[in-house]
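Every number in this text was worked out from the coordinates using simple rules, so none of it is lab data. Here the structure is a predicted model, which means the values were calculated and not measured. Every residue, glycine among them, receives a Cβ derived from its backbone with ideal geometry; neighbour counts consider all protein chains shown.
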Amino acid sequence: MAKETIGEYLKRERELRQITLEEVVNGTKIALQRLRQLENDQLEEMPAEIFVRGFIRGYAEFIGLNPDEVLLRYEEELNALREKEAADVGTVYHFEEIKPRRHVLGIIVAVLIFFAIAGTGYWLFLKSGISITGLLPDSDGKGRVIRLDRASFRAESGLNSSDAATDSGSGSPVSSGIHPPPASQSSGTAAGETSQ
C-alpha cells in the first residue's frame, strides 16, 4: 500500500473530526480553492512553497493537529519526491536556497552611470572652450591669477600639443593658460598680488 500523501492525510483527519471544508475556510481565512488544491495534492497549482507551508500550518491547527508534525510529514514527502525526480534523471541535486545578488548588480550599474556622467562632463569641458579664472596661492604666500581654458587643460593632460596650441574652431593661437591679472587689478597689490 502506497504511503498516504499530505493532502489525503489532512482530508482524512478533517473528515474524522466531522469538520466541513467550509468551516476550515471560515476558521483559517484560506480560500476554498486553495484548500481543495491542498487536499487533492495539486501543489504545483498553488503559490510559492512558503505559502503552502502556511496553509498547511493553519489547516492543521484548525482541525486540532500538531502543525510541526504535519509540516515534518510534508517535508518528508517533498524530500522523497525530490529524490525520486533526481533518480529518474540520474543526477543527485542539492536543493539550496539561492540568495539574490541584486545589490551587486545595482552597485555595478551605479558605478557605470557615475563614470558615464563624469566622462561626458570631461568631454563637454574639453569641447566647450570654457575658461576658468581663479586665484591660487604660491609657495611664498602670495597669490597668482591663473586661467584654465581648453588648450591649457589639454596641454597639462598630455593631449596632442597641436590641439593645445590652436583653437580648433578658429585656428588662432591660444595662450598657455597662465595669465597676469587683468589691467584693472595689476595696477596695485590687491589681494596680495604683485604686478607683473
- [ ] Can you figure out the FRET efficiency of N26 with E4, using R₀ = 25 Å and their beta-carbon distance, to the nearest 0.05?
- [x] 0.45
Task: Pairwise label distance in nanometres, R82 with A118, each label 7 Å out on the Cα-Cβ vector - done: 4.5
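Where does each of V24, V111 land when they are ranked from fewest to most other beta-carbon atoms within 10 angstrom?
Numbers: V24 21, V111 10.
If I rank by nearby Cβ atoms, fewest first, I get V111, V24.
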